[in-house]
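The values are calculated or read from the model by the stated rules, or taken from the named source; none is laboratory data. Please read these numbers as outputs of a predicted model, since none were measured by experiment. Neighbour counts run over all protein chains shown; Cβ positions are idealised from the backbone, glycine included.
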Amino acid sequence: MFSKILIANRGEIAVRIIRTCRRLGVATVVVYSEADADSLAVAMADESVFIGPSPASQSYLVAEKIIAAAKETGAQAIHPGFGFLSEKAEFARACAAAGLVFIGPNPDAIDAMGDKIQSKAFAAKAGVSVVPGHVGEIDDTAHAVRIAEEIGYPVMIKASAGGGGKGIRVAWTRQDVEEGFPAVRAEAKGAFGDDRIFIEKFIENPRHVEIQVLGDKHGKVIHLFERECSIQRRNQKVIEEAPSPLLDEATRAAMGAQAVALAQAVNYDSAGTVEFVAGQDRSFYFLEMNTRLQVEHPVTEMITGVDLVEQMLRVAAGEPLALTQENLSINGWAIEGRLYAEDPYRKFLPSIGRLVRYAPPSEGERDGVIVRNETGVREGDEISTFYDPMIAKLCVWGPDRTSAAEGMARALEDLHVEGLSHNAAFLAAVMDQPRFLSGQLSTNYIPTEFPDGFHGLSPQPWQADAMLAAALAAHDRLNRRARSVPGAFSGKAVRADWVVVAGGAKRAARLMSRPDGLDIVLPDEGRTLRLDAMDWRPGAALFRGVLDGRAFSAELSPAPEGFDIRLRAARQRVLVLTPASAELHDKLPPKTPPDTSRLVISPMPGLVVSVEAVPGEEVKTGQVLCVIEAMKMQNIIRAERDGVIKAINAKAGDSVAADDVLAEFA
């Protein structure tokens, strides 16, 4: 085993690798850019080396700087994590030339499988079932259009060197190809330094299932079963689970055997993933092989008990695999939700800023489930535009799928983030949806279940009761505190009768205090709610309690005459009013939202790549007005109406914030 390694990555994967190295007694060195100087990974590593400016092209993608850092610190090996240089065969060869061990597969295997064009040709030659498509490089947009029309729409335009959902577009029409091909090529060039593109048939209503493989340098290859990663947005995974609810034992065995055979054919000698696109009938086709550790590897670890990072280190050090296929089995179920700095209420567009408050759920076992939080940030850290907007990977293990999903929902209740938008409410919504709970997944899950975008979910009856109880209990505590200090309210009796207004509904309530909790009488409904184990103090972000025997946690923040409350995917303003005040509220005129129909507003912070319209130009609905790059993705801003452009307020190269006015119609 190595005594010291260098981690050529950042964020949560660098922290993840450090944790395993600490357990094994291996010293760690991390490299960092200007943006990551105060990162958690830098704080945790034994040593750190500065490698340049924030853009990855000037730091994490510069192999010479990373190899120099390893030599300078005496590291024996380099773990690339995922992304950046992890699938670059030339980097693996450069490590070897410098006398360093690359903790990953041999460069020939990366060449054979890491390039998506070559891997498809190799798989087809080996007799593996592949998705119909064009295997070969594409010259230009006109060539792309010809290929797409030969294959038949819809098609998928993909970067050969892509990964992490970057450099992918689905094209349903010729116009989609004409606009999408140059955008994908630009994304690929910027993110991977490689603008080669291929096109394949897009299989409608598919599922994304992948097999984790592990090989050593002595010719042994095994698989650690499958993961399902079908819930995606913008072709990037959001929720993953292991095992897959789709597969039966026969399909699992066949898919695993095919993945192992493919890995053996290229002498694969590390952790890797063979990805398949699967039909609802359990048919499956080879999609690609990722010659690296996957983002979603924790769910595999949780159902097998195998530390994949440890296995990568041992294999790279030349040790034979001690694991055997026969001794591996699936234990329970694990689900991972990727917590992103993005706004699900705005089509999942990226959000940047400082984590003013970041309180993840406690890790460990609770009520029969295990919570694991993989993160690379702390409260006070900043999510920047330079890298992926991931805050954390929240993982939950349960003895079965139902308990894992409920455990994930409870863990999301215990999460609190302030300072930027995030997708916790969306993740919670999926955990509560009957379709997800039934296992009826596909890669079009999000557009199908949320065709008009994500707007949260209406509270379930128990959630509406919990939000009412939390608001009343918090209001009562504030009332009692006000009467306990000298002042206008001191000595006055605490009111017991209130009217709660939420979601357009009014509910009368009477409070009855107990030494160990609160009874909430609902006279109009003929029932009483029992609230116990209340854990809240003024200023706290989370209200925890047990309502009629069911534990819950809700985000709660003060608002005029009440509170803003989020419980899972339900978000409401909950007013706590006196009966007289409730009557007056009924007489208030409704608020009229401002008219923004003549404005083109930036939906996200980012960099303006191009502006495609000029003042005085007459544009049509759907016409491209500008392109904004955020988090390494290019986003096309289109006109939502016909009209004449009155003013353009941005130019190429400008940085814009969310809600900045980009253009105005006359």
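Taking the listed residues R568, R530, R477, the one that is surrounded by 13 or more Cβ atoms within 10 Å (Cβ to Cβ), closer than 29 Å to G456 by Cβ and modelled with pLDDT under 95 is R477, with no other qualifying. If you go through region 383-404 and keep only what is without any contact (Cβ under 8 Å) to a residue 60 or more places away in the chain and either part of a strand (DSSP E or B) or among the basic types (K, R) (or both), you end up with I383, I391, L394.
Taking the conditions exactly as written (β-branched (V, I, T) and either surrounded by fewer than 21 Cβ atoms within 10 Å (Cβ to Cβ) or farther than 27 Å from A429 by Cβ (or both)), does I601 satisfy them or not?
Numbers: β-branched (V, I, T): yes; either surrounded by fewer than 21 Cβ atoms within 10 Å (Cβ to Cβ) or farther than 27 Å from A429 by Cβ (or both): yes.
Yes; evaluated as a whole, the condition is true for this residue.
T251 falls short of the stated requirement of being under 26 Å from M390 (Cβ atoms) and of a type in the set (S, T, N, Q).
Here E64, E87 are screened, and the one residue that is of a type in the set (D, E) and either touching a residue at least 60 places away in the same chain (Cβ under 8 Å) or outside any helix (DSSP H, G or I) (or both) is E87.
Taken together, the criteria place S48 among residues that are over 20 Å from G104 (Cβ atoms) and not in a helix (DSSP H, G or I).
So that you can scan it fast, the table gives a plain yes or no per residue for (1) within 27 Å of A316 (Cα to Cα); (2) of a type outside the set (D, E, K, R); (3) crowded, with 18+ Cβ neighbours inside 10 Å:
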| position | (1), (2), (3) |
| --- | --- |
| L85 | yes, yes, yes |
| K88 | yes, no, yes |
| C95 | yes, yes, yes |
| N106 | yes, yes, yes |
| D115 | yes, no, yes |
| K120 | yes, no, yes |
| E150 | no, no, no |
| M156 | no, yes, yes |
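Pairs are defined by a Cβ separation below 9 Å, a sequence spacing of at least 6 or placement on different chains, a first member in region 311-339 that is on the phi > 0 side of the Ramachandran plot, and a second member that is assigned to a loop (DSSP other than H, G, I, E, B); the pairs so defined are G318/D216; G318/K217; G318/H218; G332/P399; G332/D400. Any residue at all in region 217-234 that is in the same structural domain as A144 (by TED's automatic domain parsing) and not in a helix (DSSP H, G or I)? No, that holds for no residue.
If I filter region 333-351 for residues that are among the β-branched types (V, I, T) and at pLDDT 95 or above, do I get at least one hit? Yes, region 333-351 contains at least one residue that is among the β-branched types (V, I, T) and at pLDDT 95 or above.
Could you pull out the residue among V608, V661, V624 that is in contact with a Gly (Cβ under 7 Å, 6 or more places away or on another chain), in contact (Cβ under 8 Å) with a residue 12 or more places away in the chain and surrounded by 15 or more Cβ atoms within 10 Å (Cβ to Cβ)? Steps first, please.
Values: V661 fails: in contact with a Gly (Cβ under 7 Å, 6 or more places away or on another chain); V624 fails: in contact with a Gly (Cβ under 7 Å, 6 or more places away or on another chain).
When all the criteria are applied, what remains is V608.
Flag: A271 does not match the condition of being over 16 Å from E336 (Cβ atoms) and free of Cβ contacts under 8 Å to residues at least 40 places away in the same chain.
Under 7 Å by Cβ, and 6 or more places apart or on different chains, what pairs join a residue from region 353-377 that is closer than 16 Å to A405 by Cβ with one that is among the acidic types (D, E)? Close Cβ pairs satisfying both conditions: P361/D414; V371/E363; R372/E363. Residues in region 178-227 that are crowded, with 22+ Cβ neighbours inside 10 Å, among the β-branched types (V, I, T) and modelled with pLDDT under 95: V184, I197, I199.
Just the residues that are of a type in the set (G, A, S) and either outside the structural domain of A411 (by TED's automatic domain parsing) or buried (at least 20 other Cβ atoms within 10 Å of the Cβ) (or both), please, taken from region 356-381.
Within region 356-381, the subset of a type in the set (G, A, S) is 359, 362, 364, 368, 376, 380.
The one that is of a type in the set (G, A, S) and either outside the structural domain of A411 (by TED's automatic domain parsing) or buried (at least 20 other Cβ atoms within 10 Å of the Cβ) (or both): G376.
Cβ-Cβ distances below 6 Å connect no pair with a first residue in region 629-643 that is at pLDDT below 90, a second residue that is of a type in the set (D, E) and assigned to a loop (DSSP other than H, G, I, E, B), and a separation of six or more residues or different chains. Selection of first residues in region 144-164 that are part of a helix (DSSP H, G or I) and of second residues that are modelled with pLDDT of 90 or more and among the basic types (K, R), restricted to Cβ pairs under 6 Å at least 6 apart or on distinct chains, gives the following pairs, ordered by first then second residue: V145/R174.
If only one of V209, V184 is free of Cβ contacts under 8 Å to residues at least 60 places away in the same chain, touching a strand residue (DSSP E or B) at 6+ places or on another chain (Cβ under 6 Å) and not in a loop (DSSP other than H, G, I, E, B), which one is it?
Numbers: V209 fails: free of Cβ contacts under 8 Å to residues at least 60 places away in the same chain.
When all the criteria are applied, what remains is V184.
Pairing residues of region 126-141 that are assigned to a strand (DSSP E or B) with residues that are among the basic types (K, R), at Cβ distances under 6 Å and at least 6 apart in sequence or on separate chains, gives V130/K120; G133/K201. Of all residues in region 92-115, those satisfying the criterion of being under 17 Å from Y268 (Cα atoms) and not aliphatic (A, V, I, L, M) are R93, F102, G104, P105, N106, P107, D108, D111, G114, D115.
Counting the residues of region 249-275 that are part of a helix (DSSP H, G or I) and either exposed (fewer than 15 other Cβ atoms within 10 Å of the Cβ) or of a type in the set (V, I, T) (or both) gives 9. With respect to (1) at pLDDT 95 or above; (2) closer than 17 Å to S39 by Cα, the lone exception for G398 is condition (2).
Evaluate the following for A142: is it within 16 Å of E275 (Cα to Cα) and either touching a Phe, Trp or Tyr at 6+ places or on another chain (Cβ under 6 Å) or surrounded by fewer than 17 Cβ atoms within 10 Å (Cβ to Cβ) (or both)? Step through it out loud before you land on a result.
Working: within 16 Å of E275 (Cα to Cα): no; either touching a Phe, Trp or Tyr at 6+ places or on another chain (Cβ under 6 Å) or surrounded by fewer than 17 Cβ atoms within 10 Å (Cβ to Cβ) (or both): yes.
Criteria not met by A142.
Candidates are the residues of region 382-420 that are crowded, with 18+ Cβ neighbours inside 10 Å and of a type in the set (S, T, Y); the one that is nearest to R16 (Cα to Cα) is Y387.
For region 489-585, give me every one of the strands (runs of 3 or more DSSP E) that falls completely inside it and has 2 or more residues that are closer than 23 Å to P361 by Cβ and under 30 Å from the mean Cα position of the chain (by Cα).
By residue number, 542-547, 550-559, 562-567, 570-577.
What about A96, is it in contact with a Phe, Trp or Tyr (Cβ under 9 Å, 6 or more places away or on another chain) and either without any contact (Cβ under 8 Å) to a residue 12 or more places away in the chain or assigned by TED's automatic domain parsing to the domain that holds G190 (or both)? Yes, satisfied. Yes or no: region 361-379 includes at least one residue that is over 22 Å from R23 (Cα atoms), of a type in the set (K, R) and at pLDDT below 95. Yes, region 361-379 contains at least one residue that is over 22 Å from R23 (Cα atoms), of a type in the set (K, R) and at pLDDT below 95. Taken together, P594, P589 contain a single residue that is closer than 30 Å to N649 by Cβ and not in a strand (DSSP E or B), which is P594. Scanning region 405-441 for residues that are free of Cβ contacts under 8 Å to residues at least 60 places away in the same chain, among the small types (G, A, S) and not in a helix (DSSP H, G or I) yields a total of 0.
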